Amino acid sequence: HNFYSQIGFWKTKLTELDERSNNLQEQKLFIQIMQMLCLDSDGDGIFINQMEIKVKMYENDIFPLKFGMDDSNRPYVIFSTKLSYDDFFSHNPSLNEIKKEKNNFKDVPIFYYESFTNKFSNYIEYISSVLDLYYASCVSRNQMNIHIISNSKYVGLTIAHIWQVINDTNISMSIRMRYLKLFRVLYIDSEPYLRISKFRLRVFMWNNKPK
């Protein structure tokens with residue numbers, strides 16, 4: 001591997017979201033590169049890179065986004081940040097109009113999914129890229145990452161949360177389509193043992209015997 005194909009290198013590029021410096025597109029790019037490194041040309045998982053994501057990010061509690069639902073089953077997204085609550089919103093001022101008040105939730109930036117209208121397309125694209133990374137780290141039945149991504153203790157993409165988002169017509173279609181893919185890898189095609197029918201044919205016929 002060369003330097004630029006290493007997950008660890010791109011992980012160091014992840015920084016705080018800062019709408020003022022217009023870094024959302026750049027952060028989305030770095031996440032997309034890591035997602036790309038987890039998949040081969042057929043869209044199957046590259047196990048060694050998936051495990052690099054686990055070691056370099058997940059085991060260090062580096063999750064760009066986490067998820068949950070409130071008591072009325074409204075799905076929300078949590079932006080991970082080391083900034084204070086107020087500093088996060090000073091860096092991302094447009095989010096002020098859809099933020100939840102601190103006394104309703106923990107002191108972290110939490111947003112109901114339906115709040116992300118087309119006006120917030122840059123954030124929708126960022127959320128979509130993170131969902132793509134979570135998908136890529138789990139595809140091809142990576143049981144360790146599936147456990148982390150689907151667990152409410154870590155990322156929170158539980159089956160109840162995913163089902164709620166898929167069926168909510170007020171949420172961006174781009175996000176709902178990502179959730180459909182996650183539903184498949186986390187809860188449908190997630191068994192650890194590969195069926196015989198999934199193996200590719202590897203029989204080759206020679207026209208002539210070698211002399």
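Heavy atoms only, probe 1.4 Å: what % of the accessible area of segment 7-132 goes to carbon and sulfur, would you let me know?
47
Which residue fluctuates the most in the chain, going by a Gaussian network model with Cα springs under 10 Å, if the choices are Glu19, Glu59, Glu114?
Sorting by GNM fluctuation, first place goes to Glu59.
About its Cα centre, what dipole magnitude does segment 1-77 give when the only charges are +1 on Lys and Arg Cβ and -1 on Asp and Glu Cβ, stated in debye to the nearest 20? Provide the component values of the computation, followed by the final result.
Numbers: 8 positive and 12 negative charges, 33 e Å.
My answer is approximately 160 debye.
Which ³J(HN,Hα) values, rounded to whole Hz and listed in residue order, are derived for segment 67-74 from phi using the Karplus coefficients 6.51, -1.76 and 1.60 in 6.51 cos²θ - 1.76 cosθ + 1.60 with θ = phi - 60°, glycine and proline given as x?
Those phi angles translate into 9, x, 9, 8, 5, 9, 6, 7 Hz.
Whole angstrom only: what separates the Cα centroid of segment 138-195 from the Cα centroid of segment 4-19?
Between the Cα centre of segment 138-195 and that of segment 4-19, the gap is 24 Å.
Highest GNM mean-square fluctuation, the chain, Cα pairs closer than 10 Å: which of Lys66, Lys82, Lys54?
So, out of Lys66, Lys82, Lys54, the one fluctuating most is Lys82.
How much accessible area per residue does the chain have, counting only protein heavy atoms and a probe of 1.4 Å, in square angstrom?
Values: 12280 Å² over 211 residues.
Result: 58 Å² of accessible area for each residue.
How large is ³J(HN,Hα), in whole Hz, for each residue of segment 124-134 in order, when computed from phi with the Karplus curve 6.51 cos²θ - 1.76 cosθ + 1.60 and θ = phi - 60°, using x for Gly and Pro?
4, 5, 5, 4, 4, 5, 5, 4, 4, 5, 4
Relative contact order of segment 73-165, please, whole-number percent, based on alpha carbon pairs below 8 angstrom and at least 6 residues apart.
Details: 61 pairs, mean separation 25.7, N = 93.
Taking the mean separation of contacting Cα pairs over the length of segment 73-165, I get 28 percent.
Just to verify a number: what accessible area does Lys56 come out at with the full protein assembly present, 1.4 Å probe, Å² rounded to tens?
The accessible area comes out at roughly 70 Å².
Take the Cα pairs of segment 1-80, get the Kirkwood Rh, then feed it into Stokes-Einstein at 4 °C and 1.567 mPa s and tell me D in µm²/s. Walk me through the numbers before you get to the answer.
Details: Rh = 14.3 Å.
D, rounded to a whole number, is 91 µm²/s.
Thinking of the chain as a set of Cα atoms, what percent of all their pairs are more than 33 Å apart?
Numbers: 4221 of 22155 pairs.
Within the chain, distances greater than 33 Å cover 19 percent of Cα pairs.
Protein chains only, probe 1.4 Å: how do Ser128, Ser172, Ser41, Ser152 rank by accessible area, largest first?
Details: Ser128 5, Ser172 25, Ser41 120, Ser152 90 Å².
Largest accessible area first, the list is Ser41, Ser152, Ser172, Ser128.
The values are calculated or read from the model by the stated rules, or taken from the named source; none is laboratory data. On a predicted model such as this, the values are computed, not experimentally measured, just so you know. A quick note on method: Cβ atoms are made from the backbone with ideal geometry, for glycine too, and the neighbour counts reach across all protein chains shown. Quick note on the areas: whole protein, heavy atoms, side chains included, nothing else; ligands and nucleic acids left out. Shrake-Rupley method; radii C 1.70, N 1.55, O 1.52, S 1.80 Å.
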